[in-house]
1. Of all the residues that make up the stretch 456-506, how many are charged (D, E, K, R), within 17 Å of SER439 (Cα to Cα) and in contact with a helix residue (DSSP H, G or I) (Cβ under 6 Å, 6 or more places away or on another chain)?
2. Among all residue pairs at least 6 apart or on different chains, which show Cβ distances below 7 Å where the first residue, located in the stretch 389-405, is part of a helix (DSSP H, G or I) and the second is among the aromatic types (Phe, Trp, Tyr) and surrounded by 14 or more Cβ atoms within 10 Å (Cβ to Cβ)?
3. From the set of residues in the stretch 244-280 that are closer than 21 Å to GLU214 by Cα and open to solvent by 50 Å² or more (accessible area, probe 1.4 Å), which is nearest to the chain's Cα centre (by Cα)?
4. Within the stretch 175-186, is there a residue that is closer than 20 Å to ARG107 by Cα and at pLDDT 85 or above?
5. Pick from ALA131, ALA109, ALA141, ALA158: which is crowded, with 24+ Cβ neighbours inside 10 Å and over 24 Å from PRO74 (Cβ atoms)?
6. Look at ARG315 and say whether it is within 22 Å of LEU95 (Cβ to Cβ), of a type in the set (Lys, Arg) and surrounded by fewer than 16 Cβ atoms within 10 Å (Cβ to Cβ).
7. Residue pairs, Cβ under 6 Å, 6 or more apart or interchain, first in the stretch 335-355 and within 10 Å of PHE86 (Cα to Cα), second in a strand (DSSP E or B) and modelled with pLDDT of 95 or more. List them.
8. Given (1) modelled with pLDDT under 90; (2) part of a strand (DSSP E or B); (3) of a type in the set (S, T, N, Q), identify the lone condition not met by THR132.
Amino acid sequence: MPDTHETPNGAKFARSPTGRLIPGFMSGQFGVDVVLVPYTPGTRFAIVLTMESNDHSLRVYDNMMGMLSSRENPTPMVRLNRVVPFKHTQVYAKLEWFNPFGAVKDRVAANLIQDAQSRGQLEPGKRLVEATSGNTGMGLAMVGNALGYTLESPLSQAIPLEKRTALRFFGVNVVELDDTLCPAPGAPEGAIARARQTARDDAAAVLLDQYANEANPDGHYRTTGPEIWRQTEGQVTHFAAGLGTCGTITGTGRFLKEQADVKVLGIYPEEGHDIPGVRSQRQLQQTTLYRPDEYDQEVEVTNREAYDMCLRLNREESIIAGPSSGMALVGALRMVPDEPGNVLVVIFPDDIFKYASSICRHFPALCPSTQDAASAAPSAHEQLFAEMIENLKNPHDSVRVTVLRKELEGDTPPLVVDVRPQEMFDEVHMANAVNIPQSELAQRLDDLPAERDAPIVMVCGIGKFSKHTTLYLKSLGYRNVRSMKGGIGEWVRKGQPTQSQGAGQT
């Protein structure tokens, strides 16, 4: 045990002679009354052993860390009365913006850091790097501020401006990624790659990796699950959550199924969605925490359904829920029968205040007719461009992986142009593909066939920006250019052969 000392005000602390972090975390969540404080001369850091003074009944705390959710300090659940069609089934929303930093991801952020500390991976002098769609970054930033860790967060420019601004305000080094990294709306595929590369290149950067780290679902197993079981007095029959990293549904569902035969329900958005923080069925393949075998049922919800329900929740239930909450509720109501004894709990991840720009896109009539507000909604030109991109999904301008594979084995195979950045291309690409990054395409037209009828297939990460480049080449007169559906991700998932820079075919 390290030496213990007492400060003039009576607080006790322990010094670590080795300079390694003593496992432990904030009081309240994990039952260990230990906090990290600035170190004194001669020590790397100090661990303060505080007296328990957080009072959940009075809502009085020593610091913000004491507000972290737990079985004894749960986020509230509110029964829904006006937007549900049921006569018998009771539906409760668990309002996760009552976490100290405003979202369900506060639970994950706290547990990721606690886990990294306990394993000695995170210690003074280290910094955090994490890809995020906003909420995890906010939680990590604020927990990091309390513990002395800085955060770098690569993220997509498609993430709402409100979130990006708040992250910077919290002190995060935000790295906004160019569209050539092929992020889906609100989903950080390119950001994940950048974060992992940063951690490989910089020994001081610690990647917590919420998409693969078991500490993510473990945070919900420790807190969200026990809270729901206690709040419903063991009467919960159905649990529903939107699918993002899948930590919430996997960890909470696992705990609840250990208590009783609780049905675990997952809800995901449509392809090409505009709901930050959640992932379509295709995008879910990038998180190893997606465990469909542990869920009883899943369902897809459209943008329109999600945002319409979000509006109804705010206006009819007076619940300030964000768009992913509307999505989760729409899907849950489809999967749960109206029967006596049914108790459904739905996770509402965060509130509406982070999504003003999203509201303007989906409800332009709600935005004031000022120049600034008008710029938040898509212009007629932007709407036309979006429709043109959407129209490229037709079978004449796009090609499925299985069809393309057969064409490549034929007598006149098309030229495959991969528009991802070179470093991503080098990591994995289709055999015989040509790499022309989207940002260089206009300057490298000489690398394309001179014949405008030559067959060309454009490829990116998930199939979004290959459509952009397809449209660009069509504008130059190329009449036989198509986009591969699903991108290189779909090619790999279908088990098609790939190559890596310096390696052979796999």
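The values are calculated or read from the model by the stated rules, or taken from the named source; none is laboratory data. Predicted model only: the values in this text are computed from it and were never measured. When we count neighbours, we look across all protein chains shown, and the Cβ atoms used for this are built from the backbone with ideal geometry, even at glycine. The protein model used for the area step is the full one, side chains on, heavy atoms only, and it has no ligands, DNA or RNA in it. Shrake-Rupley method; radii C 1.70, N 1.55, O 1.52, S 1.80 Å.
1. Result for the stretch 456-506: 1.
2. Here the result reads VAL401/TRP491, each pair linking the stretch 389-405 to a residue that is among the aromatic types (Phe, Trp, Tyr) and surrounded by 14 or more Cβ atoms within 10 Å (Cβ to Cβ).
3. Checking each candidate, the answer is ARG254.
4. Here is the first cut: in the stretch 175-186, the ones closer than 20 Å to ARG107 by Cα are none.
The answer is no; no qualifying residue exists.
5. Values: ALA109 fails: over 24 Å from PRO74 (Cβ atoms); ALA141 fails: over 24 Å from PRO74 (Cβ atoms); ALA158 fails: crowded, with 24+ Cβ neighbours inside 10 Å.
Answer to the selection: ALA131.
6. Numbers: within 22 Å of LEU95 (Cβ to Cβ): yes; of a type in the set (Lys, Arg): yes; surrounded by fewer than 16 Cβ atoms within 10 Å (Cβ to Cβ): yes.
Yes: the conditions hold for ARG315.
7. So the pair list comes out as VAL336/HIS238; VAL336/LEU344.
8. With (1) modelled with pLDDT under 90; (2) part of a strand (DSSP E or B); (3) of a type in the set (S, T, N, Q) applied to THR132, the lone miss is (2).
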